[in-house]
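Working notes for the structure below.
The values are calculated or read from the model by the stated rules, or taken from the named source; none is laboratory data. None of the values given here were measured: they were computed from a predicted structure. Heads up, the Cβs are rebuilt from the backbone with ideal geometry, glycines too, and the neighbour counts pull from every protein chain shown.
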Amino acid sequence: MTDTRLAVPRHVGLIMDGNGRWAKLRHMPRSFGHNAGMNRMVGLAEHARELGIKYLTVYALSTENLASRPQEELDGLFNLFRKYFKSNVKKLLSRGAAVKIIGDLSALPKDIENLLKNGEAASPENAEFTIVFAINYGARSEILRACNIAVENGKKLDFNGFENLLYTGGIPEPDLIIRTGGEIRLSNFLAYQSAYAELYFTDLLFPDFTDAEFDKALREFSARERRFGNI
C-alpha cells in the first residue's frame, strides 16, 4: 500500500552497491551476494511499481566492472542473467511493466546480448512502469557516443536534440538517485541526466536494502525543496 506521506518521484536511479561485501561477511563467494542482490532488485522493482514510480533505473554492470572484475565473477553474474532474467521479465510483462536496456551490449556474451534485447523487444508500449537495466553502462562513454553521433550527422544540437541521442532518450531525468553500500559518489552513473537529481546514500549493503529502507529514502526526498536553480 502506498504511504501517503511519500512524495513519489517519477524516476528513481539505483546504484546497487555492496553485494560482494555482503557475501564476504557471510564467508560466501561473491556470486552468492550477486544472487541475493538480484532477488532484492526484483522485489524492490515490484515495490516501486506499487508505489506509483514510473521508471526505476538499476546500475547492474558498469563499463569499469566489465573491464576490471575477475572473469569468474563476471561469469557468475552472466549465469544469473541466464537463469533469472527471462523469467523475471515475463513476470514484469504479465503485470503491464516494460523493460529497457541502456549501455553497450556488443561487449557482452552474444547469448546475454540476445537475452536482453529480446526482453526489451517484448515490452509493451506506454507501460505504466519501466525498469531500466544499465548494463556495461558508463556515463562518459554514453556522452562521447552521443557526441560522435552528432558529429557523424553533421548537426548542431540543442539540449533536446542531444538528450535524444543518449541511451536514455525518451526517459525523464531521474528525480532521485539512491546508492547503497556506504560509498558517496555516482561512479559514472547517469552523470548528464542527474544534474538536478536529489542524492541519497546509505551504508546498508544492497541485499539488506529493504522496501522499508526504500520508503525511508522517499520520505527524505519528500522533505527536500527542489528549486532547480531558482531562488
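Scanning segment 15-37 for residues that are crowded, with 21+ Cβ neighbours inside 10 Å and at pLDDT below 90 turns up nothing. Of all the residues in segment 135-171, those that are of a type in the set (A, V, I, L, M, F, W, C) and under 22 Å from residue 8 (Cα atoms) number 1.
Flag set for residue 81, criterion: of a type in the set (Phe, Trp, Tyr) and within 27 Å of residue 140 (Cβ to Cβ).
Can you tell me which residue within segment 149-186, out of those that are on the phi > 0 side of the Ramachandran plot and touching a residue at least 60 places away in the same chain (Cβ under 8 Å), is surrounded by the most Cβ atoms within 10 Å (Cβ to Cβ)? Taking the candidates together, the pick is 181.
Results for (1) among the β-branched types (Val, Ile, Thr); (2) under 25 Å from residue 75 (Cα atoms); (3) under 14 Å from the mean Cα position of the chain (by Cα), shown as yes or no for each residue.
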| position | (1), (2), (3) |
| --- | --- |
| 120 | no, yes, no |
| 143 | yes, no, no |
| 157 | no, no, no |
| 176 | no, no, yes |
| 181 | no, yes, no |
| 191 | no, no, yes |
| 196 | no, no, no |
| 208 | no, yes, no |
| 225 | no, no, no |
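To keep it simple, each residue is scored yes or no on (1) closer than 16 Å to residue 59 by Cβ; (2) at pLDDT 95 or above.
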position: 154; (1), (2): no, no
position: 157; (1), (2): no, no
position: 165; (1), (2): no, yes
position: 171; (1), (2): yes, yes
position: 178; (1), (2): yes, yes
position: 182; (1), (2): yes, yes
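Evaluated against (1) surrounded by 13 or more Cβ atoms within 10 Å (Cβ to Cβ); (2) of a type in the set (Ser, Thr, Tyr); (3) over 26 Å from residue 222 (Cβ atoms); (4) modelled with pLDDT of 90 or more, residue 106 falls short on exactly one condition, (1). If you go through segment 122-147 and keep only what is more than 21 Å from residue 41 (Cβ to Cβ) and either surrounded by 22 or more Cβ atoms within 10 Å (Cβ to Cβ) or basic (Lys, Arg) (or both), you end up with 140, 142, 145. When 115, 144 are checked against the criterion of being aliphatic (A, V, I, L, M), closer than 26 Å to residue 83 by Cα and in a helix (DSSP H, G or I), a single residue qualifies: 115. Examine segment 55-65 for a residue that is touching a residue at least 24 places away in the same chain (Cβ under 8 Å), in contact with a Gly (Cβ under 8 Å, 6 or more places away or on another chain) and small (Gly, Ala, Ser), and state whether such a residue exists. Yes, some residue in segment 55-65 is touching a residue at least 24 places away in the same chain (Cβ under 8 Å), in contact with a Gly (Cβ under 8 Å, 6 or more places away or on another chain) and small (Gly, Ala, Ser).
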